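The values are calculated or read from the model by the stated rules, or taken from the named source; none is laboratory data. Being a predicted model, the structure only gives us computed values, none of them experimental. Cβ placement follows ideal geometry from the backbone for every residue including glycine, while neighbour counts extend to all protein chains displayed.
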Amino acid sequence: MAMTEVKQNYGEFFGGKEPVELIFEDEQCVVFDEKINKQAPVHFLVVPKKVIPTLLEMSASAEDEKALGHLLLVARRVAKMKGIDKTGFRVVMNEGPHSCQTVKQFYVQVFGGRQMLWPFS
């Protein structure tokens, strides 16, 4: 699957009007706090720099496998930075309309700082 670079204005990319302050960045992804639809005291997004429209559209290549693992390791790293590693956190990846995926871009969401409920909805 051919992937293209995402817009650098991630606030605009996710529908926000204000610029996004990155809390982490490396060669593969960026991380920023959710400001538009915050669902927990700590709620951040881990977004690959390459556009991956959906999880189903990823290939089974070693490169994509490595990229998915990297996003989860970054989620763990930022969760520790934000201090939610001691009490726990939820990692979510939405896929398709029934999951409430609203952006045509795969990303990882992390929620923490409060007791999560189950089931989800």
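Output yes when any residue across the stretch 68-77 is at pLDDT 85 or above and touching a Leu at 6+ places or on another chain (Cβ under 9 Å), and no when none is. Can you show your working first?
Of the residues in the stretch 68-77, the ones at pLDDT 85 or above are 68-77.
Pick out the ones that are also touching a Leu at 6+ places or on another chain (Cβ under 9 Å) and you get 68.
Scanning the stretch 68-77, I find at least one residue that is at pLDDT 85 or above and touching a Leu at 6+ places or on another chain (Cβ under 9 Å), so the answer is yes.
Is one or more of the residues making up the stretch 103-110 in a helix (DSSP H, G or I) and modelled with pLDDT of 95 or more?
Residues of the stretch 103-110 that are in a helix (DSSP H, G or I), as a first pass: none.
The answer is no, given that none of the residues of the stretch 103-110 is in a helix (DSSP H, G or I) and modelled with pLDDT of 95 or more.
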Counting just the residues of the stretch 67-84 that are among the charged types (D, E, K, R) and surrounded by 14 or more Cβ atoms within 10 Å (Cβ to Cβ), which one comes out farthest from the chain's Cα centre (by Cα)?
-> 82
Would you please list the contacts, defined by Cβ atoms under 7 Å and residues six or more apart or on different chains, that run from a residue in the stretch 103-114 that is over 15 Å from residue 37 (Cα atoms) to a residue that is among the small types (Gly, Ala, Ser)?
-> 113/40; 114/40
